[in-house]
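Asks: The structure is given below, and queries will be raised subsequently.
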Amino acid sequence: MRIAAELTDGSTANGETTIGKLGGRIKRVYLEPDDCKPPEAAVRAVENADIITVGPGSLYTSLIPPLLVRGLAEAVAASRAVKIIVSNLMTQPGETDGLSARRHIEVLRQYAPATRFDRIIVNTQAITAEQATEYGSQGSEQIGVKGSIAGDDIEGAKLVFAELLADDSKVRHDPDKLAAAVLGCV
């Protein structure tokens, strides 16, 4: 199976690497062939999960494709698990240029409309000026910092704000901080 994209001009593109460079030209992504089925063990794991997290990751090439596998989005929707979206820290040049945290989640929900997410974890910690310059030179900008998202929820999911940045020159989620935020949702 492979991921494909229909672009706003009607053309198509194939493969994760190619699609990851298309930016705002993506109209929709899909799988070829479109009748892929998940292993039974994957469906059972989803059905028996206590927590299901989506993210962080590349929106069109990592987060959405598993939800396109026939029956998997339905299994997630039917699961009694707490369903959590972890907001990305930065836009991804060529894939999510200019998308806000809210828009990331709206796009994700287009591919899993039956899934009711319970929480969305959003970083509150600003990146450093040096990081902003470095990542900005590559076309990436920080998203999701509290204050840039209005309201208490997005698409019915309660917003959970936490400082999530790793103490590093690269902008990354700190695994311990993220784990604490996820576990705090249950």
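Every read-out reported here was derived from the displayed coordinates using simple, explicitly stated rules and does not represent laboratory data. Please read these numbers as outputs of a predicted model, since none were measured by experiment. Counting neighbours? That spans all protein chains shown, and the Cβs are built from the backbone with ideal geometry, glycine included.
Asks: Residues of segment 92-111 being farther than 21 Å from residue 138 by Cα and buried (at least 22 other Cβ atoms within 10 Å of the Cβ), which ones?
Replies: Listed by number, the list holds a single entry, 105.
Asks: Residue check: is residue 151 of a type outside the set (Asp, Glu), out of contact with any Gly (no Cβ under 6 Å at 6 or more places or on another chain), part of a loop (DSSP other than H, G, I, E, B) and touching a residue at least 12 places away in the same chain (Cβ under 8 Å)?
Replies: Working: of a type outside the set (Asp, Glu): yes; out of contact with any Gly (no Cβ under 6 Å at 6 or more places or on another chain): yes; part of a loop (DSSP other than H, G, I, E, B): yes; touching a residue at least 12 places away in the same chain (Cβ under 8 Å): no.
So residue 151 fails the test.
Asks: Kindly indicate the residue of segment 112-143 that is out of contact with any His (no Cβ under 9 Å at 6 or more places or on another chain) and in a strand (DSSP E or B) and also surrounded by the most Cβ atoms within 10 Å (Cβ to Cβ) among those meeting that condition. Lay out the reasoning, then the answer.
Replies: Residues of segment 112-143 that are out of contact with any His (no Cβ under 9 Å at 6 or more places or on another chain), as a first pass: 112-122, 124-142.
Filter once more, so that each one left must be in a strand (DSSP E or B): 119-122, 142.
On the way: 119: 22, 120: 29, 121: 24, 122: 26, 142: 21.
Among those residues, the one meeting the criterion is 120.
Asks: Given the conditions (1) crowded, with 17+ Cβ neighbours inside 10 Å; (2) under 11 Å from the mean Cα position of the chain (by Cα); (3) basic (Lys, Arg), and given that residue 83 satisfies all but one, which numbered condition is not satisfied?
Replies: Against the list (1) crowded, with 17+ Cβ neighbours inside 10 Å; (2) under 11 Å from the mean Cα position of the chain (by Cα); (3) basic (Lys, Arg), residue 83 comes up short only on (2).
Asks: Okay, next question. So which residues in segment 9-25 are in contact with a helix residue (DSSP H, G or I) (Cβ under 6 Å, 6 or more places away or on another chain) and part of a loop (DSSP other than H, G, I, E, B)?
Replies: Result: 20, single match.
Asks: Only one residue in 41, 77 is surrounded by fewer than 18 Cβ atoms within 10 Å (Cβ to Cβ), aliphatic (A, V, I, L, M) and without any contact (Cβ under 8 Å) to a residue 12 or more places away in the chain, so which one is that? Working first, answer last.
Replies: Numbers: 77 fails: without any contact (Cβ under 8 Å) to a residue 12 or more places away in the chain.
From the options 41, 77, the qualifying one is 41.
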